[in-house]
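A short write-up of the structure that comes next.
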Amino acid sequence: MMKKVVIGVLALTMSFSVLTSCKEASDKAKEASEEASEALEETGKDLKEAANDAADALKEAGEEAKELGEQAIDSLKKAGKEVKEEAKKAIDSIKI
């Protein structure tokens, strides 16, 4: 009879040990899952910031390109006027 009690106590002790190990493993898995979730969320924020920075840089580059284009058009207009004036002077000088 005592042998059965000892075996029963040993079995019960082992069961508690297994349950405790399973609970610890479950807690560690939950903690790892939470940490991974936080890391993914942080990565998502970083990616969003990088995308916003890239969009801002493209917008700024577009504005600079527009300004350069406007300056080029102004230069071409000015050069056209100068050529027109020079041509007019040349024609006038031929008429005299």
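All of the numbers you see were taken from the coordinates with simple rules; none came from a lab. Remember, it's a predicted structure, so these values are computed and weren't measured experimentally. Neighbour counts run over all protein chains shown; Cβ positions are idealised from the backbone, glycine included.
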- Message: Just to confirm the number: angle between the C-alpha axis of helix 2-95 and the first principal axis of the chain, 0 to 90 degrees, nearest 10?
- Response: 0
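Under the rule of -39500 (n - 2.57) per DSSP H run of 4 or more residues, summed and divided by the residues of the chain, what mean residue ellipticity at 222 nm is obtained, to the nearest 500 deg cm²/dmol?
Numbers: 1 runs with 94 residues, N = 96.
After summing the helix terms and dividing by residue count, I get -37500 deg cm²/dmol.
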- Item | Cross-link partners of LYS84 among lysines (Cα-Cα below 20 Å; sequence separation of 8 or more within a chain) | LYS95
- Would you look at the GNM of the chain, springs on alpha carbons closer than 10 Å, and say which of ASP74, ASP46, ASP56 moves the most? ASP74
- Query: Which of the lysines could be linked to LYS66 by a straight reach, that is with a Cα gap under 17 Å, when you skip same-chain ones fewer than 8 residues away?
  - Reply: LYS77
- Query: What residue among LYS45, LYS28, LYS81 has the largest mean-square fluctuation in a Gaussian network model of the chain, using Cα springs under 10 Å?
  - Reply: LYS81
- Message: Under a Cβ-only charge scheme (Lys and Arg +1, Asp and Glu -1), can you give me the dipole magnitude of the chain about the Cα centre, in debye to the nearest 20?
- Response: 420
